[in-house]
Amino acid sequence: MTYVITQPCIDVKDGACQVACPVECIYEGGRMMYIQPSECIACGLCLSVCPVDAIFEDRDIPVDRRHFISANKEFFEDAVTGWGQPGGAGPKYRSEMDHPLVTSFQGGEH
Ligand code: F3S
């Protein structure tokens, strides 16, 4: 089980989730944040602080947002950042890149 960030985060990036995360598994991309699924301990703190309700547990995610499960995971793979499991967010692990799904996201789709 892991938590997943979805489209309301795009172009908002409030950042409260990143501060709340006790294992620093939330990483900043160009337009949104992404949760490293192997590092997430599923504590749920991020979900409770997000002001736009962008975060879901993977098993509870609405059907029309399921594609964000793979978008969060693939952000860390070679096709995007290639970071793998960095072991903690920080200045070194911040990117202007996004998953292609997010890069092509149009504002009106929120
Ligand atoms: Fe995004 Fe919500 Fe975190 S807007 S940066 S998922 S607090």
The chain, helix-only ellipticity at 222 nm - DSSP H runs n ≥ 4, -39,500 (n - 2.57), divided by all residues, nearest 500: -4000 deg cm²/dmol
Relative compactness, the range 3-103, computed as alpha-carbon Rg over 2.2 N^0.38 Å: 0.93
Normalised contact order of the range 3-103, rounded percent, pairs of Cα under 8 Å and 6 or more residues apart: 36
Residues D78 and C43, FRET efficiency given R0 of 22 Å [Cβ-Cβ distance, rounded to 0.05]: 0.20
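Read-outs throughout are calculated quantities, based only on the coordinates presented, and are distinct from any laboratory measurement. Since we're looking at a predicted model, the values are computed, not measured. Glycine also receives a Cβ, built like all others from the backbone with ideal geometry; neighbour counts cover every protein chain displayed.
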